[in-house]
Amino acid sequence: MLALGDQLQAEGDLEGALAHFSNACYLSPNDEEAWTSRGAVLVSLARFTAAAASYDRALDAEPEDADLHRFRGHSLCQAGNPRAAAECHGMGLALSTEYFDEALAAASVTDERDETSVADEWSARALALWEMGRLVEAKACFAEAARLASPQQKPEAERNQERVHSLLFWERAVAGAVPLGTSSTPWYAASPPERYKVVTLPPQAGYETNPLYECHVLHYLNSPTCSWLLSSVQAHTAEHSWSLPHRGDAGNLSVPEVALSECPTLSRWMARRLCAEILPAMSRLFGIPLHLLLPREVFWVRYTAGEAGAALLPGVTEPVQGRDRVALHRDGHLLSFNVLVSEPGVDFEGGGTHLALLGATVKPERAGDVTMHSGCVIHGSEAVTRGTRDIIVGFVEVDMPFVVARDLYRWKRDGREGRHHHDSDPQYDPAFLDRCWQAVSHVPT
């Protein structure tokens, strides 16, 4: 009966498959596979409450199955119960972590140890810890994965390790756990951002007003501050060089960058700015409570025009074309900001943030201006046609139950893999932004 249900499901007859799986559950009420299959079909039919009930019955038979807890959490999230969904997801992650512990312990006593598979286990355990918010432990696991990794595995393990390090730094900084130094030096003198331009995406797809439709441009830093920032990054890169990680398809999002968490002078400065001005401004403009905003990663990014943009930079061993711009994309976080450090018309020409749905490019008026928008809007940058354009780019997430954020990510990922074209077609911006705002507006405050 299960085999026939599987066949009907593969053929697209979901109602027929549901009938067979339901009959199997009636005849064998303790059959975990039958209840799981029934739950999966109900999810496909968007009957999420009933799907959660089916996974409940499956868990009666297999209470320590981590996947079943996650499946139930997904159904509850879609049914509009994010709190219960987060609890289920947490239980699944805890069980997964126990499994990884056992697998790693078994590997440590095996005479012929496959370090590649063990590295995979360390990475999987690290990801589970990451999702549980246990970043210190996740960082240590990624480090072990990088140590054991094959040459093919190592770049991803090292990138994950660096990302967790960055997350830890900015979370600690905003929480006051990172010493920020004194505020007496002139370059700390910054007034609250003052908005002078708003670009609004046309409201569609079910919401009359959605703050995530808006892109804001604000006057922020003065010229002496920008000069100090430029000299600071030049001093840092003279000693530590730029990095050029591979981002996007065929590297079309790769530009020279510096992670500010790796530069003590700039990181202390940015931590103070995030706390005092940037996050409060984002909270006010996007209508999201301040305590729910979490800074994730902050980078210094450099765009260079023409042939100079393809030339080698200090510490960069391979030329990459397209350093004068980045392609259209969505960010991995809900909100983003970028501070223009170079002076338009003097240091560079061209550039700007392109919003694909409007067919418009937002260009700040002067050095020190900050642009804030939802990273879920499909956007890119226009080409720099002369000179060098330096910006500080930051990503901010909303503290919501992870299962909600994960579902948004999967919806985004489906587009990137071509199933729904969400990540490449700007016509999906309103639907995607409304889905994001629905999730954010339901986060308990």
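Distance between the pseudo-spin-label points of Ser232 and Glu11 (7 Å out from Cα toward the beta carbon): 6.7 nm. Here the calculated FRET efficiency for Thr209 and Ala276, from their Cβ-Cβ distance with R0 = 25 Å, stands at 0.30, rounded to the nearest 0.05.
Taking θ as phi - 60° and the Karplus parameters 6.51, -1.76 and 1.60, the scalar couplings of the range 337-354 work out to 9, 9, 9, 6, 9, 7, 8, x, x, 10, 7, 7, 10, x, x, x, 8, 9 Hz in sequence order, x denoting glycine and proline. In this structure, the amide hydrogen of Glu214, modeled 1.01 Å from its nitrogen in the peptide plane, lies closer than 5 angstrom to those of Leu201, counting only residues at least 5 positions away or on a different chain. Taking a Cβ cut-off of under 15 Å around Ala276, the surrounding Lys, Arg, Asp and Glu residues balance to a net charge of +2, with basic ones at +1 and acidic ones at -1. A simple rule links phi to the HN-Hα coupling: the Karplus curve 6.51 cos²θ - 1.76 cosθ + 1.60 with θ = phi - 60°, which for the range 293-306 gives 8, 10, x, 10, 9, 10, 10, 8, 10, 10, 10, 10, 7, x Hz, with x for Gly and Pro.
Values quoted throughout were computed directly from the atomic coordinates according to the rules given, and no laboratory measurement underlies them. Nothing here was measured: the structure is a model prediction, and the numbers come from that model. For neighbour counting, all protein chains shown are included, and Cβ atoms are generated from backbone atoms with ideal geometry for every residue, glycine included.
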